[in-house]
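Here is the structure we will look at, set down as structure tokens.
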Amino acid sequence: MEKIQRKATKMIPKLRNLSYERRLQRLELISLEQRRLRGQLIETFKYLNGLNNVTMEGLFERGGNVRTRNNGQKLFLRNFKTSQAMNFFPVKIAATWNQLPENIVSAGTVNTFKNRLDKFWTTNPPSTTSY
């Protein structure tokens, strides 16, 4: 899918010679990988705030240490012995979630969360390679 978006943005004559990232900036788009990450963070917000019809029990474990500097809703990362477990949704998203500022994760509504996340990413683009 990302290849299709790359080709489609290259079809615009004025943007043809720019890098893919620069074309996305000019068009005010984000990469599909970033869009996927955004969706997963939104789902995590819903799970943690009981806004899904899915029980959170066993899916995420909140961190217990509130004395350290964090967003107040830190997710606990479990140690796994297999590499397959590293692809499990809660494991993949926890590190990214833990890096978000408190004003984002403590948003009162999903739309507020989305708006604050988007605003934060304009100055602090997400690193999708570590995710």
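The values are calculated or read from the model by the stated rules, or taken from the named source; none is laboratory data. Only a predicted model underlies this, so the values are computations on that prediction, with no experimental measurement involved. Every residue, glycine among them, receives a Cβ derived from its backbone with ideal geometry; neighbour counts consider all protein chains shown. The protein model used for the area step is the full one, side chains on, heavy atoms only, and it has no ligands, DNA or RNA in it. Shrake-Rupley method; radii C 1.70, N 1.55, O 1.52, S 1.80 Å.
The table below lists the values:
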| quantity | calculated |
| --- | --- |
| Asn53 being surrounded by 12 or more Cβ atoms within 10 Å (Cβ to Cβ) and either within 12 Å of the chain's Cα centre (by Cα) or modelled with pLDDT of 70 or more (or both) | no |
| Lone qualifier among Gly72, Gly63, Gly108 - being at pLDDT below 90 and exposed (fewer than 14 other Cβ atoms within 10 Å of the Cβ) | Gly72 |
| Failed item, numbered, when Phe88 is tested on (1) modelled with pLDDT under 90; (2) open to solvent by 90 Å² or more (accessible area, probe 1.4 Å); (3) farther than 28 Å from Gln5 by Cβ | (3) |
| Pairs with Cβ under 6 Å, 6+ apart, first in region 43-55 and over 14 Å from Gly108 (Cα atoms), second outside any loop (DSSP other than H, G, I, E, B) and of a type in the set (D, E, K, R) | Asn52/Lys46 |
| Index of the failed condition, Phe45 passing every other in (1) crowded, with 16+ Cβ neighbours inside 10 Å; (2) not in a helix (DSSP H, G or I) | (2) |
| Among residues of region 13-31, those that are touching a residue at least 12 places away in the same chain (Cβ under 8 Å) and surrounded by fewer than 16 Cβ atoms within 10 Å (Cβ to Cβ), counted | 3 |
| Total residues in region 1-42, condition of a type in the set (Gly, Ala, Ser) and assigned to a helix (DSSP H, G or I) | 2 |
